[in-house]
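**Student:** I am attaching a structure below and will ask some questions about it afterwards.
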Amino acid sequence: MTDLSKRRLKTWIRLLGVTRGAENHLRDYLRRAHGTTLPRFDVMAALWRRRDGVTMSELSRLLLVSNGNATAVVDRLEADGLVRREAEDGDRRRIRVRLTPEGLEAFEIMALGHEAEVDAILSRLSETDLEALRDILSRAGRPE
């Protein structure tokens, strides 16, 4: 291994640590402030972006999770009245999932707090830092 290779490995470990720390903070925030989980928030965010709803397969692809994981989260959200399933064009085999009005309202409240928490997590970075980091990360992750 070269010195540069070792530095890249240390950078990768640091990046994972920062990501995991931020994710743990957000999980704790969502649990304490909203009585919800990060997976529930992620599903609601995907449905908020796609107001016309998505199929379960599309939702799984958007979230990079298995159909089973997505189904379990949607089941709980539906039981809480935050999402609803609807047969697509009368075909009971194709189900679209979308936020209910209550789900939309709940998500928008959570999203404001989530944004404030992310802002606090990254508050020590200047605008220049953020642009540089975005540029660096856009070049990372693609082996030559």
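**Student:** Quick one: how many residues across the range 46-78 are touching a strand residue (DSSP E or B) at 6+ places or on another chain (Cβ under 7 Å), of a type outside the set (A, V, I, L, M, F, W, C) and without any contact (Cβ under 8 Å) to a residue 40 or more places away in the chain?
**Tutor:** Final tally of qualifying residues: 1.
**Student:** Just need a number here: residues in the range 94-144 that are assigned to a helix (DSSP H, G or I) and on the phi > 0 side of the Ramachandran plot.
**Tutor:** 0
**Student:** Check S60 against each of (1) surrounded by 13 or more Cβ atoms within 10 Å (Cβ to Cβ); (2) small (G, A, S); (3) in a strand (DSSP E or B) and name the one condition it does not meet.
**Tutor:** Tallying (1) surrounded by 13 or more Cβ atoms within 10 Å (Cβ to Cβ); (2) small (G, A, S); (3) in a strand (DSSP E or B), S60 fails exactly one: (3).
**Student:** For the subset of the range 74-84 comprising residues that are in contact with a Gly (Cβ under 9 Å, 6 or more places away or on another chain) and under 18 Å from L63 (Cβ atoms), which member is surrounded by the most Cβ atoms within 10 Å (Cβ to Cβ)?
**Tutor:** V83
**Student:** Separate question: Kindly evaluate V43 against the criterion of being of a type in the set (A, V, I, L, M) and either part of a loop (DSSP other than H, G, I, E, B) or in contact with a strand residue (DSSP E or B) (Cβ under 7 Å, 6 or more places away or on another chain) (or both). Spell out the reasoning first.
**Tutor:** Details: of a type in the set (A, V, I, L, M): yes; either part of a loop (DSSP other than H, G, I, E, B) or in contact with a strand residue (DSSP E or B) (Cβ under 7 Å, 6 or more places away or on another chain) (or both): no.
It is false that V43 is of a type in the set (A, V, I, L, M) and either part of a loop (DSSP other than H, G, I, E, B) or in contact with a strand residue (DSSP E or B) (Cβ under 7 Å, 6 or more places away or on another chain) (or both).
**Student:** Would you say R96 is farther than 19 Å from G21 by Cβ, touching a strand residue (DSSP E or B) at 6+ places or on another chain (Cβ under 7 Å), basic (K, R) and surrounded by 13 or more Cβ atoms within 10 Å (Cβ to Cβ)?
**Tutor:** Taking the combined requirement at face value, the residue satisfies it.
**Student:** Which residues, counting only those in the range 100-121, are within 17 Å of H34 (Cα to Cα) and touching a helix residue (DSSP H, G or I) at 6+ places or on another chain (Cβ under 6 Å)?
**Tutor:** Of everything in the range 100-121, those that are within 17 Å of H34 (Cα to Cα) and touching a helix residue (DSSP H, G or I) at 6+ places or on another chain (Cβ under 6 Å) turn out to be F107, M110, G113, E117.
**Student:** Inside the range 79-93, can you point out the residues that are in contact (Cβ under 8 Å) with a residue 12 or more places away in the chain and either in a loop (DSSP other than H, G, I, E, B) or within 19 Å of A106 (Cα to Cα) (or both)?
**Tutor:** G81, L82, V83, R84, R85
**Student:** When the residues of the range 1-40 are filtered to those that are under 14 Å from the mean Cα position of the chain (by Cα) and outside any helix (DSSP H, G or I), which remaining residue is surrounded by the most Cβ atoms within 10 Å (Cβ to Cβ)?
**Tutor:** So, considering only residues that are under 14 Å from the mean Cα position of the chain (by Cα) and outside any helix (DSSP H, G or I), the one surrounded by the most Cβ atoms within 10 Å (Cβ to Cβ) is T36.
**Student:** Here is a list: R85, R51, R32, R96. Which entry is among the charged types (D, E, K, R), at pLDDT 90 or above and touching a Ser or Thr at 6+ places or on another chain (Cβ under 7 Å)?
**Tutor:** R96
The values are calculated or read from the model by the stated rules, or taken from the named source; none is laboratory data. Model, not experiment: these values are computed from the prediction. Neighbour counts are summed over all protein chains in view; Cβ atoms, including those assigned to glycine, are modelled from backbone coordinates with ideal geometry.
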